[in-house]
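Below: the structure, in structure tokens.
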């Protein structure tokens, strides 16, 4: 490093800056640790971007092509409430005490946790800060939260075991990653994925309705 002072170049020793831990690393350590893994504790640990990270975890399960056992309806309902809070301008998470006790360690375990960490790591390698200032504008936050609400509702109403909830939920996961990584391009990609998921859901519903009316 060189500092310029009075037209003279002064050599300064290089200092190695400690790299900031990545989200995938922090999440992996949090899941491995023997500690409280409720939503309440999770929000204390990841307070700075707790909304986005909570959306990421809540919609990760329906976004992954693995059996969920019906637990996704609970996580989707929580995500809907949080998106409404963001729309009206809340800066901190509020949830009923019952939902705050949701054990995210039990929700995100085994294959689900491994796949989620893999997805996050992949995005961390490709992403970089792009138009990050745009993402924190109040109107943009509200519109983003509205889209998250729409995609979450689409995942919620998808028929069980149809797989139609995967793309809308994945759209929320990718949007959340874009917000966390401060990359507007990733957020936009998430919007496209979620919109595509809704289009597929509507097309499947239309085809099913046409088939039923044909036979009856």
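Taken as a whole, the condition of being assigned to a helix (DSSP H, G or I), touching a residue at least 60 places away in the same chain (Cβ under 8 Å) and closer than 24 Å to residue 130 by Cβ does not apply to residue 187.
For (1) touching a helix residue (DSSP H, G or I) at 6+ places or on another chain (Cβ under 6 Å); (2) over 19 Å from residue 121 (Cβ atoms), each residue gets a yes or a no:
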{"residue": "153", "(1), (2)": "no, yes"}
{"residue": "162", "(1), (2)": "no, yes"}
{"residue": "173", "(1), (2)": "yes, no"}
{"residue": "178", "(1), (2)": "yes, no"}
{"residue": "183", "(1), (2)": "no, no"}
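Restricting attention to the range 6-35, the residues that are modelled with pLDDT under 70 and either closer than 24 Å to residue 173 by Cβ or surrounded by fewer than 10 Cβ atoms within 10 Å (Cβ to Cβ) (or both) total 14. When you check residue 121 against the structure, is it at pLDDT 85 or above, within 16 Å of the chain's Cα centre (by Cα) and closer than 15 Å to residue 23 by Cβ, yes or no? Judged against the criteria, residue 121 is a match.
How about the range 101-180: which helices (runs of 4 or more DSSP H) wholly inside it have at least 2 residues that are out of contact with any strand residue (DSSP E or B) (no Cβ under 6 Å at 6 or more places or on another chain), crowded, with 18+ Cβ neighbours inside 10 Å and touching a residue at least 60 places away in the same chain (Cβ under 8 Å)? Fully inside the range 101-180 and qualifying: 104-107, 111-126, 138-157, 166-180. Of all residues in the range 76-94, which are surrounded by fewer than 20 Cβ atoms within 10 Å (Cβ to Cβ) and closer than 16 Å to residue 157 by Cβ? Listed by number, the residues that qualify are 77, 80. Number of residues in the range 148-166 that are closer than 15 Å to residue 63 by Cβ and under 13 Å from the mean Cα position of the chain (by Cα) equals 3. Here residue 199 does not fit the description of being at pLDDT below 90 and either within 28 Å of residue 37 (Cα to Cα) or surrounded by fewer than 18 Cβ atoms within 10 Å (Cβ to Cβ) (or both).
The values are calculated or read from the model by the stated rules, or taken from the named source; none is laboratory data. Small disclaimer: the values here were computed from a predicted structure and weren't measured. In this analysis, Cβ positions are derived from the backbone assuming ideal geometry, glycine residues included, and neighbour counts consider all displayed protein chains.
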